[in-house]
Structure formats: structure tokens, C-alpha cells
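I have placed the structure first, in the form of C-alpha cells, so that the comments after it can refer back to it.
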Amino acid sequence: MQILSTLLLTLLFFAQCQTSLKQKENNPAFVHDNNSGPTPWTSTDFELEEEYFTFAIISDLTGGEREGVYNTAVAQLNRLDPTFVLSVGDLIEGATEDTLQLIKEWDSFDKRTSYLNMPFFHLGGNHDLTNPTMRKVWQNRYGNTYYHFVYENVLFLMLDSEDFGEERMLEIYHARTEAMKIIRGEVEGNFEETEYYNMFESKVGGMSVKQFQYFENVLNKYPNVKWTFVLMHKPLWMREDEKGLGRLEKVLDVETS
């Protein structure tokens, strides 16, 4: 999440969701609204379960990824055998406007991820989505930057925490680019004194009104799911203005009370 990260963090979180459904001959129930174009998931070939399903979460391959670590994590996930794998962003080093470089990095990530024996759900972070070029590459490969799905009566909300207007997005991106020159030792300076470090968005992100309205409609559509999981890269709950999670938390409270 933070660009100060110097270690590869691959978070393997194994969660179990009990269901009241018994094993069926057809595929498990998987509902979404992505009816055309590319999808942020790799497949819909879910392993049938009897009384429960499981999922794992990975995050943050950036800030100094070590060769082979992610491949090992993929192999370990295959041994754990969750029903599917979710991500919460920073999947490539990114942070560039070089389309060919972005495609190269995503090709590398997707090739390694393809060795998973179960579906994988993409979600972007600041390394993946911080300028218009990066977002366009994402949309061409994976579709929407935020989305939802329901699996066996469990709702998953996949948030985009880098959801700014283009002008502010570019201000953040260019400030980050200058700050990274200090991190890499290309120029002298103190990272803690940079414009980017002192930008609120660099730490907590932001979401648009359009995104909030999308998830508000989703929650109104599925008031009776058994569980609702909310995934994001940056901690939107720490932002208290209209771009934070507060408005959505109120809807979540109503839906779960």
C-alpha cells in the first residue's frame, strides 16, 4: 500500500464461509453484472463444495518484489486449495505511462497467476491505477476497476481506492513520480518532506460519488445475503469526507442491522 514498503508482502489469508447448501451437480451460484467485455476474474470454473467454500487473499507484490516468491505463493495456494483467490492491489510495479512496460508487467503477472488451479479476482492499488494510461490498460484487460459478485449467497464488494477525477489523479501521480526519485536515490531529498508524502490521498485513497452509488445500488439489490465482504487497497475507512467509506458504511449498517 505505502510506497515506503521495501519488502514483498504476499498476504495469504484463508477464510472459510459456511453455507447451508449441499453439493449440487451443476456449478455453484455465481452472480455478477459484467455481461460483456473483459472480466476481472480469470475463470468461473469453481470447484464444487459440500457445506462450505474457502477463499484466499493476496496483496502487495511491489516495493521490491523478490524473484520466485510469488511463484512459491501460487504453489502453496494450490496446496491449500481455496475455492477462489482474491487480490487487494499493487500487483505490478506499474506507476508509469509507458503502455508497453505496463503490458509487459501485466503479462508477467498473469502468466504466473495462470498456474493457480482456481479462479483469481483482480483488484487494483496505487501501483496499478494511478494515471489514465494505467487505468486504460487495466480496463482493456480486466474491465471495470470496481465491481461486485455474489458467490453462494455471499456478497463481495471490490472497491477502487484510487478513484479520482483525472486532474487530481495526475497531480497525485506526478507528485508521486518526483517522490520516487528520492526513494530510488536519483535526486537528493527527504521523502517525508515531499508533496506526495503530505498528500492525504497517498495514504488513504478516495472513491467517487459514481462508485458509491454503484455499491449502494448493489447493497439495495442484495439485502438478504448471508455475508458481505468489502475489499479495497487503501484504508478508505480512515477518510472522513465524501470520498471516504463513511457513506457506504451507513448503507452497510442498514443492510446488516
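Observations
- Restriction of the trypsin sites (Lys or Arg not before Pro) in the range 115-197 to DSSP coil positions whose beta-carbon has at most 16 other beta-carbons within 10 angstrom yields R184.
- The chain, relative contact order in percent, only Cα pairs under 8 angstrom and at least six apart counted: 19 percent
- Mean sequence separation of contacting Cα pairs (under 8 Å, at least six apart), scaled by the length of the range 128-210, corresponds to a relative contact order of 28 percent.
- Principal-axis tilt of helix 99-113 within the chain, Cα atoms, nearest 10 degrees: 40 degrees
- Helix-only CD estimate at 222 nm, as mean residue ellipticity for the chain, using -39500 (n - 2.57) per DSSP H run (n ≥ 4): -10500 deg cm²/dmol
- When a 1.4 Å probe is rolled over the protein heavy atoms, the share of accessible surface on the chain that falls to carbon and sulfur comes to 49 percent.
- Excluding ligands, DNA and RNA, the accessible surface per residue across the chain is 51 Å² with a 1.4 Å probe.
- Each 10 Å bin from 0 upward holds the following percent of the Cα-Cα pairs of the range 77-117: 25, 45, 24, 6.
- Once the Cα gyration tensor of the range 44-122 is diagonalised, semi-axes √(5λ) in Å: 26, 13, 11
- Computed over the range 130-183, Kirkwood Rh from alpha-carbon pairs, angstrom: 13.1 Å
- Kirkwood radius, the chain, all distinct C-alpha pairs, inverse of mean reciprocal distance: 19.2 Å.
- Highest to lowest packing among 157-163, 110-116, scored as the average C-beta count within 10 Å: 157-163, 110-116
- Global geometry of the range 96-176, whether rounded, prolate or oblate, following the gyration tensor of its Cα atoms and the 1.5 cut on a/c: oblate
- Cα-based convex hull, the range 154-250, per residue volume (Å³, whole number): 98 Å³
- Rounded to 10°, Cα long-axis angle of helix 69-80 versus longest principal axis of the chain: 10 degrees
- Shape parameters for the range 31-169, alpha-carbon atoms, Rg then Dmax in Å: 15.1, 50
- Loop-resident chymotrypsin sites (Phe, Trp or Tyr not before Pro) (DSSP state other than H, G, I, E or B) in the range 168-257 with no more than 14 further Cβ atoms inside 10 Å of their Cβ: F200.
The values are calculated or read from the model by the stated rules, or taken from the named source; none is laboratory data. Because the structure is predicted, anything quoted here is derived from the model rather than measured. Note: ideal-geometry Cβ built from the backbone for every residue, glycine included; neighbour counts use all protein chains shown. These accessible areas exclude ligands, DNA and RNA; they are computed on the full protein's heavy atoms, side chains included. Shrake-Rupley method; radii C 1.70, N 1.55, O 1.52, S 1.80 Å.
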